[in-house]
Structures are given as structure tokens and as C-alpha cells.
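Enquirer: Just dropping this structure here.
The values are calculated or read from the model by the stated rules, or taken from the named source; none is laboratory data. Note that the structure is predicted; figures quoted are calculated from it, not measured. Because the Cβ atoms are built from the backbone with ideal geometry, glycine has one as well, and the counts that use them run over all protein chains shown.
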Amino acid sequence: LSNIMKVKREYLIINNKLTIPEKIMEKYDLAIKRRIKREPVAYITGKKEFWSDDYLVNRGTLIPRPETELLIYKIVNFFKNKKINILDIGTGSGCILLSILKELNFARGIGIDSSSKAIKTAEENSKNLKLSYRSKFKVANLEKFNLGKYDLIVSNPPYIPSKDIKNLSKDIINYEPLAALNGGSDGLDLIKKVIYKSNHLLKREGLLALEIGHSQYQRVSYILRSNGYREMSKEYDFNRNVRCIIGTKVKFF
């Protein structure tokens with residue numbers, strides 16, 4: 001209701017005897033019907049808060065999750081006050097890249113995604129946050145992307161095993177883009193592709209930062225080591241599962 005009326009929730013709580021216009025109530029009733037069908041609130045309101053900013057989202061973009069903020073926190077601490085070039089693979093709404101740029105004033109970056117709808121949304125978010133002059137977004141196939149060299153490559157790739165997709169809540173499986181969720185038979189298909197491709201796109205001593213599934217740390221750590229990376233850092237979620245891993249390239253093939 002606060003979103004429809006364009007007021008803060010606190011205003012409605014304080015003014016709990018407020019007379020609400022009929023047109024507003026019609027929109028509110030429609031929103032409630034959508035939520036009853038388990039449509040995520042973020043898609044109904046068209047926005048989701050992430051790293052203290054509101055990001056536009058729609059059914060062409062994954063809804064930003066709180067655990068992804070762990071990745072931002074780690075990266076910002078690594079690169080504070082440094083001039084870097086960033087690549088965000090599978091950028092979606094652009095929330096990862098734009099949140100990093102917001103904190104790192106000397107950084108620039110490009111976000112790529114296979115979805116044109118996602119890229120359009122990311123561009124709108126960039127404009128709203130006044131970061132267009134330091135960010136670009138491009139529809140691109142990862143395997144064919146060869147533009148530039150980067151100090152940091154960051155990605156929150158699909159990491160849910162295909163067999164587990166059916167167990168997701170209706171809020172997710174019926175509304176969010178499956179291409180942004182399905183990580184293949186073991187959940188590692190896209191993670192492997194990002195790691196392999198980063199071999200060619202990272203600068204020497206550049207960092208690769210990944211969000212991973214709650215049970216994937218050992219396997220992802222092994223894949224990184226096998227591809228010439230040294231693990232620099234990892235970050236745990238509130239359940240003490242490793243959800244972010246950062247590696248640096250020490251061998252170039």
C-alpha cells in the first residue's frame with residue numbers, strides 16, 4: 001500500500017485512520033490478488049532494496065538476495081581507493097556492479113547478460129543511481145565475449161542443481177527466470193564456465209569473486225586451484241556456509 005501511495009510505511013502506521021481513495025484501493029486489491037498467487041512482492045512493487053538502494057526488478061531479472069551483499073562487502077574491502085576495471089558476468093538487474101561502483105569512486109565496469117530485458121533494467125538502474133558515466137551494460141554470450149582485461153571479475157551465476165529446481169518455493173519457480181537459477185546437473189555448469197573464461201579476461205593478479213551455493217565450497221575451491229587460482233578469501237552466511245569465494249590468478253596457461 002505504501003508503494004502504491006508513494007509514501008513511507010511509517011506514514012500509514014501513524015495515520016492509521018486515513019481515508020484511502022477508491023482508485024488507490026482498487027490498485028491495492030489487485031496487488032493483494034497477485035500476492036495471493038505467490039507472486040513475489042518485489043515483482044508486484046517493481047523494486048527491491050539492495051545495499052541501501054532500491055533496484056528496479058521484473059520477471060526478466062533475478063530478485064537480489066541479502067546474501068549477495070556479502071560479496072559486495074568483501075570486494076569493497078579489497079579494492080578501497082583503487083582505480084579498477086570490473087566485469088560483472090550475468091549482471092541481471094546490475095545490483096552487484098552498481099553497488100560496487102557506488103562504494104569505489106575510482107572504479108569503472110561493464111555488466112553482461114544473455115537477457116536483453118535484464119540489460120535494459122540494469123541500464124535503468126544505472127541511470128537512477130547516476131552511475132551511467134562509470135558503467136556499461138551489454139547483451140553478450142559469455143563464451144563469445146572477449147572485450148578487455150579486468151582487475152576484478154564478479155559473478156553470481158546460476159548454481160542450483162537441475163534436480164533441485166522442482167523443490168523451490170512457488171514464489172521462485174513460477175516467477176523468477178529459471179535461466180538465472182538452473183546451474184545444470186551438479187549446479188556447477190555456469191560456475192565452471194565463468195572460471196574458465198576468466199582465465200582469458202583477468203589481468204595478472206586480478207581477482208575473481210563468486211557467489212556459490214551453500215554446499216559447493218569444496219568443489220569450487222578445487223576447480224579454482226585446478227585452473228591456476230589461489231584462494232584469497234571466503235565469506236560465510238549466517239548458517240556458517242561459505243557463500244562467497246575470491247581467488248587470484250597465479251598461473252596463466
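Enquirer: For segment 155-198, which positions are among the hydrophobic types (A, V, I, L, M, F, W, C) and outside any loop (DSSP other than H, G, I, E, B)? Break it down into steps so the answer makes sense when it comes.
Expert: Applying the first criterion (among the hydrophobic types (A, V, I, L, M, F, W, C)) to segment 155-198 yields 160, 165, 168, 172-173, 178-181, 188, 190-191, 194-195.
Listed by number, the residues that qualify are ILE160, ILE165, ILE172, ILE173, LEU178, ALA179, ALA180, LEU190, ILE191, VAL194, ILE195.
Enquirer: Scan segment 1-13 and report the pairs whose first residue is at pLDDT 75 or above and whose second residue is of a type in the set (Gly, Ala, Ser) and in a loop (DSSP other than H, G, I, E, B), with Cβ atoms within less than 9 Å and a gap of 6+ or a chain change.
Expert: The qualifying pairs are ASN3/GLY46.
Enquirer: Same structure, new question: Identify all residues within segment 121-138 that are touching a residue at least 24 places away in the same chain (Cβ under 8 Å) and not in a strand (DSSP E or B); write none if there are none. Working first, answer last.
Expert: Pass one, segment 121-138, residues touching a residue at least 24 places away in the same chain (Cβ under 8 Å): 121-126, 128-129, 131, 134-138.
THR121, ALA122, GLU123, GLU124, ASN125, SER126, ASN128, LEU129, LEU131, ARG134 - these are the residues of segment 121-138 that are touching a residue at least 24 places away in the same chain (Cβ under 8 Å) and not in a strand (DSSP E or B).
Enquirer: Still on this structure: Looking only at residues in segment 92-114 that are farther than 17 Å from LYS48 by Cβ and part of a loop (DSSP other than H, G, I, E, B), which one is nearest to the chain's Cα centre (by Cα)?
Expert: This residue is SER114.
Enquirer: If SER233 passes every condition in (1) surrounded by fewer than 15 Cβ atoms within 10 Å (Cβ to Cβ); (2) hydroxyl-bearing (Ser, Thr, Tyr); (3) part of a strand (DSSP E or B) but one, which one does it miss?
Expert: Status for SER233: all satisfied but (1).
Enquirer: Restricting the search to segment 49-105, which residues are on the phi > 0 side of the Ramachandran plot and either in contact with a helix residue (DSSP H, G or I) (Cβ under 7 Å, 6 or more places away or on another chain) or in contact (Cβ under 8 Å) with a residue 40 or more places away in the chain (or both)?
Expert: Filtering segment 49-105 for residues on the phi > 0 side of the Ramachandran plot gives 51-52, 81, 90, 92, 94.
Across segment 49-105, the qualifying residues are TRP51, GLY90, GLY92, GLY94.
Enquirer: If I filter segment 1-13 down to residues being loosely packed, with under 10 Cβ neighbours inside 10 Å and of a type outside the set (Asp, Glu), which single residue comes out as farthest from the chain's Cα centre (by Cα)?
Expert: Filtering segment 1-13 down to residues loosely packed, with under 10 Cβ neighbours inside 10 Å leaves 6, 10, 13.
Checking which are of a type outside the set (Asp, Glu) leaves us with 6, 13.
On the way: LYS6: 26, ILE13: 32 Å.
Across segment 1-13, the extreme among qualifying residues is ILE13.
Enquirer: Consider SER226 carefully, then state whether it is farther than 23 Å from ILE84 by Cα, in the same structural domain as THR121 (by TED's automatic domain parsing), more than 17 Å from the chain's Cα centre (by Cα) and small (Gly, Ala, Ser). Before the answer, list the steps.
Expert: Working: farther than 23 Å from ILE84 by Cα: yes; in the same structural domain as THR121 (by TED's automatic domain parsing): yes; more than 17 Å from the chain's Cα centre (by Cα): yes; small (Gly, Ala, Ser): yes.
Spelling it out, SER226 is indeed farther than 23 Å from ILE84 by Cα, in the same structural domain as THR121 (by TED's automatic domain parsing), more than 17 Å from the chain's Cα centre (by Cα) and small (Gly, Ala, Ser).
Enquirer: So, one more: Which pairs do you get when a residue that is surrounded by fewer than 16 Cβ atoms within 10 Å (Cβ to Cβ), found in segment 139-168, comes within reach of a residue that is aliphatic (A, V, I, L, M), reach meaning Cβ atoms under 6 angstrom, with the pair 6+ apart or on two chains?
Expert: From residues that are surrounded by fewer than 16 Cβ atoms within 10 Å (Cβ to Cβ), the pairs are VAL139/ILE119.
Enquirer: Right, another one. Of the numbered conditions (1) closer than 26 Å to ARG243 by Cα; (2) at pLDDT 95 or above, SER116 satisfies every one except a single condition; which is it?
Expert: For SER116, the failing item is (1).
Enquirer: Identify all residues within segment 40-65 that are within 17 Å of LEU181 (Cα to Cα) and outside any helix (DSSP H, G or I); write none if there are none.
Expert: The answer is PRO40, VAL57, ASN58, ARG59, GLY60, THR61, LEU62, ILE63, PRO64, ARG65.
Residues are listed down the side, and each one gets a yes or a no for (1) within 21 Å of SER226 (Cα to Cα); (2) among the polar types (S, T, N, Q):
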position	(1), (2)
ARG108	no, no
ALA122	no, no
LYS136	no, no
ASP151	yes, no
ILE165	no, no
ASN199	yes, yes
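Enquirer: Hey, does segment 199-213 have a residue that's without any contact (Cβ under 8 Å) to a residue 40 or more places away in the chain and under 23 Å from PRO64 (Cβ atoms)?
Expert: No, every residue in segment 199-213 fails to be without any contact (Cβ under 8 Å) to a residue 40 or more places away in the chain and under 23 Å from PRO64 (Cβ atoms).
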